[in-house]
Amino acid sequence: MKTRRAILGDAHVDRATAGITDLDRDFQTLITESAWGTVWSNETISSRERSMITIALLAALGHTDELAMHIRATRKTGARPEDIREALLHVAIYAGVPAANVAFKVAKQVLAEEPDPAESRDR
C-alpha cells in the first residue's frame, strides 16, 4: 500500500479503497499485493521506467481509463511528457497506429488537466 500511495497519491487510493465491497475485496487485495507490493516495489528498474512500460502496455491494449490514471501518476514517477511521447511512439510501431492515436488523445487530455489539489497535498 505504501508504494501504491507513493505512485498514485493518497487521494486516489483513498477513493479507490472507499469503494471496496465484498464482491471486489479479494481483487483489490490481489492488485495491492501483486502489482504494487511485488512489481512496482521491485527496485530493479526505476519508477520512471516502470511508468513508461505501463503506459505503453495500457495504450497497446486499449485500456484508456487505466492509461489516464498512469499518465497522471507520472507526476510522481518522474516520467516527463517527452517520456510519454516516446513510449507512445513505440506503441505506434509495435502495437499499431490506431492504439497510439487513441493513447495520444488521452495523454493530451490528461497533461492539459490542472493538477488535482488533493494530489498536491500528497506530494
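Is it the case that MET52 is of a type in the set (A, V, I, L, M, F, W, C), open to solvent by 40 Å² or more (accessible area, probe 1.4 Å), within 16 Å of the chain's Cα centre (by Cα) and over 30 Å from LEU89 (Cβ atoms)? Criteria not met by MET52.
Cβ separations smaller than 9 Å between residues 6+ apart or across chains give the following pairs from the stretch 65-87 residues that are farther than 11 Å from LEU111 by Cβ and of a type in the set (Lys, Arg) to residues that are open to solvent by less than 30 Å² (accessible area, probe 1.4 Å) and part of a helix (DSSP H, G or I): LYS76/ILE7; LYS76/LEU8; LYS76/SER51; LYS76/GLU119. Given the criteria in contact with a helix residue (DSSP H, G or I) (Cβ under 6 Å, 6 or more places away or on another chain), open to solvent by 20 Å² or more (accessible area, probe 1.4 Å) and modelled with pLDDT under 95, does ASP116 qualify? No, not satisfied. For the stretch 62-71, a residue qualifies if it is surrounded by 14 or more Cβ atoms within 10 Å (Cβ to Cβ) and either of a type outside the set (Gly, Ala, Ser) or touching a His at 6+ places or on another chain (Cβ under 8 Å) (or both), and the qualifying residues are HIS63, THR64, GLU66, LEU67, MET69, HIS70, ILE71.
The single condition from (1) among the hydroxyl-bearing types (Ser, Thr, Tyr); (2) modelled with pLDDT of 95 or more; (3) part of a helix (DSSP H, G or I) that THR17 fails is (2). Answer yes if at least one residue in the stretch 3-19 is open to solvent by less than 30 Å² (accessible area, probe 1.4 Å), touching a residue at least 24 places away in the same chain (Cβ under 8 Å) and at positive phi, and no otherwise. Yes, that holds for at least one residue. Quick check, is ALA79 assigned to a loop (DSSP other than H, G, I, E, B) and crowded, with 17+ Cβ neighbours inside 10 Å? When the stated conditions are applied, ALA79 passes them. Take VAL110 and decide whether it is in contact with a Lys or Arg (Cβ under 8 Å, 6 or more places away or on another chain) and at pLDDT 95 or above. So VAL110 passes the test. Looking only at the stretch 1-24, filter to residues that are among the hydroxyl-bearing types (Ser, Thr, Tyr) and touching a helix residue (DSSP H, G or I) at 6+ places or on another chain (Cβ under 9 Å); which one of those is farthest from SER41 (Cα to Cα)? Filtering the stretch 1-24 for residues that are among the hydroxyl-bearing types (Ser, Thr, Tyr) and touching a helix residue (DSSP H, G or I) at 6+ places or on another chain (Cβ under 9 Å), the one farthest from SER41 (Cα to Cα) comes out as THR17.
The values are calculated or read from the model by the stated rules, or taken from the named source; none is laboratory data. This structure is a prediction, so every number in the text was calculated from the model and none was measured. FYI the Cβ positions are ideal-geometry reconstructions off the backbone, even for glycines, and counts take in every protein chain you see. Just so you know, the surface numbers come from the protein's heavy atoms only, side chains and all, with ligands and any DNA or RNA stripped out. Shrake-Rupley method; radii C 1.70, N 1.55, O 1.52, S 1.80 Å.
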